[in-house]
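The values are calculated or read from the model by the stated rules, or taken from the named source; none is laboratory data. Remember, predicted model here, so these are calculated numbers, not experimental data. Don't worry about glycine lacking a Cβ; one is built from the backbone with ideal geometry, like all the others, and counts go over all protein chains shown. Protein only, heavy atoms only, side chains kept; ligands, DNA and RNA dropped before computing areas. Shrake-Rupley method; radii C 1.70, N 1.55, O 1.52, S 1.80 Å.
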Amino acid sequence: MKQPLFVSEPYSLEYEHLRQQGYAVQQLARKLDRFQSTNDVIIDFERPFQTADLYARCDIVATDQVSGVVDIYEIKAAASVKEDHYDDVAFQRLTAEKAGFSVGRCYVITMNGEYVRRGAIDLDEIFVISDVTGAVDQRMEATSRQAREAVGYLKKVPVPSLAEYCLDKKLDCEFLKLHFPGLPDYTVFDIAFLKHEKRRTLLAQGIIAITDVPDDFPLSSKQRIQISAAKSGQTVIDHDRISRRIDSWEYPLQFLDYETFSYAIPQFDGVRPFQQMCFQYSLHTIDYPEAEPRHINFLSHGDDDPPRAMAAALKNAMSGGIGTVFVWYESFEKTRNSEMAEMFPEYAKFFEEVNARTVDLMKIFSENLYVHPEFKGRSSIKKVLPVVVPEMSYASLGIGDGMTATISWYRAVRWEAMDADTRQKIFDDLERYCELDTLAMVEIFYRLQALVPKADVQLN
């Protein structure tokens, strides 16, 4: 929105990382043989097209020297062509044609998700070049209309409306925060998995606070439990179901967390574009009832084969017996285990057993066995920990979230210009962060166990 009073915020670490990744992909794609100029075709990089109202910059433009026809290539650091990619190219073509150029074919260049790095990057294998001319043809009329509407919109003063919230940012939108100060702390935007249509229905009725949602408003049972807890201010705990789950767990109890790195261009052998490559784990183990937790960790410094070295270290760490393996959001860890089993057949049986013995501790909270108003309908460990174990916090850590962890690790192992002290601090911060993730699970387990004193975790 055109709001000159808004001050641009500094780019986030994630945005900077994605921008650098996109630049790296673009530079690599330029090395393809087809993008070397010849006597017949001139190749331009970052070529702009402009009219009085429109401006577009194309990643690559190939111009036929005889006909003057231009082909447009859009480079995307993505695993496949997405709907918005067609729109991007359609707008570029529209602008080029409005500027008087004849556009021939349109292409989108993406990463080949099946490519596995073995040694030097194979340029012909890592990229997929898709001819999207047909899809772009079908969008040209709509793109032209949308461009006219966008130009007209810039001349208008937008009318603030909560019901027209941004789907991505919701209430974390500078425009809405400017025009709707003092909104309740717990709103209908916090209702878990609420469809946008239902949220807009509530907003149209002037209902913003979650405590104002009518009792007869159609909601799922989980959503209704969340709202009931918010209205009563009471914690809802299903002691019987929690007790049954604890009774099924066997010692040793293993609390496991991975940190991973994903990049468009594989940085290590055996890795695919965008594969979540493990480079670190933290493991807290309680060997038997009343035993003190012991901690083992692994962190690659990038001078080895990170996932292979980590797999070997984890197998050794669990050599005394696997027991029950606790994670937070099992889909992530289980998928990484399956990937490592495929990458390293010698560890396949181990990772299959780990997956078979994995328990998702988050499900106690995501399945509403334990509901607290301050969770605000969420079940991430960052939301649960400060409520269940208030004396523990990520706030004082140098690295306090997964995205910062993965980007910081990449910079520490790949940025040659980084000084040794900065690199070491990143490694130290990574170890503290990952350790807290598993220690947090240990403490949450203790709190759950205290809720059901008769619960008896089994010895394996």
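Can you give me the P(r) profile for segment 7-96? Cα pairs, bins 10 angstrom wide beginning at 0, each as a whole percent.
For segment 7-96, the binned pair fractions read 14, 39, 36, 9, 2 percent.
Only loop residues by DSSP count here, and only those with at most 13 other Cβ atoms within 10 Å; note down the GluC sites (Glu not before Pro) in segment 94-150 that meet that.
Filter output for segment 94-150: 114.
Taking a label point 7 Å from the Cα of residue 353 along the Cα→Cβ vector, which residues of segment 323-345 have an amide N closer than 18 Å to it?
Of the residues in segment 323-345, 323-326, 334, 337-342, 344-345 have backbone N under 18 Å from the label point off residue 353.
Please give the charge dipole size of the chain, origin at the Cα centre, charges +1 on K and R Cβ atoms and -1 on D and E Cβ atoms. Round to the nearest 20 debye.
Values: 52 positive and 70 negative charges, 264 e Å.
The calculation lands at about 1260 debye.
How long is the gain from residue 217 to residue 153 if the chain were fully straight, where each residue apart is worth 0.36 nm and the alpha carbon distance is subtracted?
Residue separation times 0.36 nm, minus the Cα-Cα distance, leaves 19.5 nm.
Give the residue list of chymotrypsin sites (Phe, Trp or Tyr not before Pro) in segment 158-217 that are DSSP loop and have at most 13 other beta-carbon atoms within 10 angstrom.
Details: sites: 165, 175, 186, 189, 193; in loops: 165, 186, 193.
Listed in order of number, the matching sites are 193.
Counting other Cβ atoms within 10 Å, which trypsin sites (Lys or Arg not before Pro) in segment 19-97 have at most 11 and lie in a DSSP loop?
Loop-located and lightly packed - 31.
Determine the per residue accessible area of segment 1-122 with all protein chains present and a 1.4 angstrom probe, expressed in square angstrom.
Counting only protein heavy atoms, the per-residue value for segment 1-122 is 57 Å².
Quote the relative contact order of the chain in percent (integer), defining contacts as alpha-carbon pairs under 8 Å separated by 6+ residues.
About 14 percent, as a whole number.
If you average the C-alpha positions of segment 415-449 and of segment 279-344 separately, how far apart do those two centres end up, in angstrom?
A separation of 15 Å, based on Cα centres.
Taking all protein chains as present, what is the carbon and sulfur share of the accessible area of the chain, in % to the nearest whole number, probe 1.4 Å? Let's see the in-between values first.
Values: 11560 of 23520 Å².
Roughly 49 percent, rounded to a whole number.
Give me the mean projected area, in nm² to one decimal, of the convex hull enclosing the Cα positions of the chain.
That works out to 27.1 nm², a quarter of the Cα hull's surface.
Starting from the Cα-Cα distance between residue 419 and residue 175, subtract it from 0.36 nm times their residue separation and give me the gain in nm to one decimal.
Result: 83.8 nm gained on full extension.
Roughly what % of DSSP beta bridges within the chain run antiparallel, to the nearest 5?
For the chain, the DSSP antiparallel bridge percentage is about 75.
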